[in-house]
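Visitor: Supplied in structure tokens, the structure appears directly below.
Derivation of every value follows stated rules applied to the coordinates shown; laboratory data play no part. In this text, all values refer to a predicted model and were calculated from it rather than measured experimentally. Methodologically, a virtual Cβ is constructed for each residue, glycine included, from the backbone with ideal geometry; neighbour enumeration extends over all protein chains shown.
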Amino acid sequence: MEDKNLIFIISQPRSGSTFLQSLLSNNQEINTSSESWIMLALSPLLKPDTVKNSVYDHSMATDAFHDYCKKFKINYKDHLKEIAFKFYGPMIKGFSFIIDKTPRYWEIIHELFALFPEAKYVVLERNPVAVVESMINTWKIKTLNQLQYLGRDLLLAPQAITNFRHQYRENQNVQCLRYEELIKDTEVVTRKLYKWIGISFEPACLNTSSNTKVLGKYGDPFINGLEKQNHEVPPQFHDFIKGYAHYLGSEYLENFDLQKENFSKTNDFDCFKESVLHA
């Protein structure tokens with residue numbers, strides 16, 4: 001297995017990544033699984049500061065490990081890559097490519113790119129108001145305290161993904177798209193991605209109803225059988241959403257045809273941000 005066999009989908013949670021994953025894997029060339037989180041499981045070595053709490057002193061352990069590798073001239077990232085390929089191995093059997101779709105890879109996106117420079121990266125973004133509304137409705141969140149476990153995904157992911165998009169937008173191994181474009185012109189966007197990957201497109205690929213590759217414990221709960229319900233976001237979140245969109249700034253909002261003037265600073269959001277960033 002090589003880098004070129006890997007396709008990563010990078011996004012916030014609730015950005016349509018499972019739909020994209022299903023479209024791209026609905027063929028005989030590409031395999032995938034629900035969400036593996038493989039590289040996050042390896043992140044203590046890939047990006048040590050992702051570990052915030054441990055029963056041991058993680059920073060000391062990291063320093064000791066690096067000192068050992070230096071002493072014996074061990075390139076630990078080469079070994080880390082070999083370990084990753086061992087985990088990906090069963091998925092690639094019988095296929096040309098595999099997709100690792102794990103939304104929280106935004107936390108280690110630059111480290112992934114450094115480790116797998118010849119892999120393909122699909123950066124998927126969605127209207128931020130729709131993202132937070134989908135989070136609230138999907139996981140039946142009733143209070144801002146309950147929403148805090150998604151705090152980093154809301155506060156830090158947009159900028160991290162934007163920075164990556166700007167840095168690598170000219171790289172031939174990176175494709176950037178918006179969920180809204182994917183929904184509006186599904187066939188056009190999917191054809192383009194198939195061509196970029198280097199596989200044949202058939203219209204039947206667009207019918208993903210029988211694609212079981214994406215099913216699994218940590219996949220989209222609606223794909224996994226949760227009944228989708230259309231309902232309004234509870235009113236207790238309205239001020240929070242106004243403050244959240246305002247926090248993201250004009251440049252970010254304009255990518256989704258949103259105007260900052262329609263949003264404003266709110267106490268609900270400011271308290272949420274303070275709690276998340278200083279936890």
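Visitor: Restricting the count to DSSP beta bridges whose residues both fall in the chain, what percent are antiparallel, rounded to a multiple of 5?
Guide: Roughly 0 percent of the beta bridges in the chain run antiparallel, per DSSP.
Visitor: How would you rank M60, M39, going from fewest to most other Cβ atoms within 10 Å of each one's own Cβ?
Guide: M60, M39
Visitor: Give the order of R14, R165 when sorted by the count of other beta carbons within 10 angstrom, beginning with the fewest.
Guide: Neighbour counts put them in this order, fewest first: R165, R14.
Visitor: Once the piece of chain linking H238 and K260 is laid out straight, how much longer is it, given 0.36 nm per residue of separation minus the C-alpha distance between them?
Guide: Additional length available on full extension: 6.4 nm.
Visitor: Related question: Once the piece of chain linking M1 and D67 is laid out straight, how much longer is it, given 0.36 nm per residue of separation minus the C-alpha distance between them?
Guide: 20.8 nm
Visitor: Using a basic spin-label model with each label point 7 Å from the Cα along Cα→Cβ, how many nm lie between K142 and L277?
Guide: 3.0 nm
Visitor: Same structure again: Per the helix-only calculation at 222 nm, which mean residue ellipticity applies to the chain, given -39500 (n - 2.57) for every DSSP H run of n ≥ 4 and division by its residues, nearest 500 deg cm²/dmol?
Guide: -13000 deg cm²/dmol
Visitor: Please list, or write none, the lysines whose alpha carbon is within less than 26 Å of the alpha carbon of K47, excluding same-chain residues fewer than 8 places away.
Guide: Those lysines meeting the cut-off are K4, K70, K71, K73, K77, K81, K86, K101, K120, K217, K273.
Visitor: Still on this structure: With springs only between Cα atoms under 10 Å apart, run a GNM on the chain and tell me which of V188, V233, V131 wobbles the most.
Guide: V188
Visitor: Work out how much length S210 to L156 would gain on full extension: take 0.36 nm times their residue separation and subtract the Cα-Cα distance, in nm to one decimal.
Guide: 16.0 nm
Visitor: Mind putting a number on the dipole of segment 3-277 about its Cα centre? Charges go on the C-beta only, +1 for Lys and Arg and -1 for Asp and Glu, and I need it in Debye to the nearest 20.
Guide: Using Cβ point charges on Lys, Arg, Asp and Glu, segment 3-277 gives about 640 debye.
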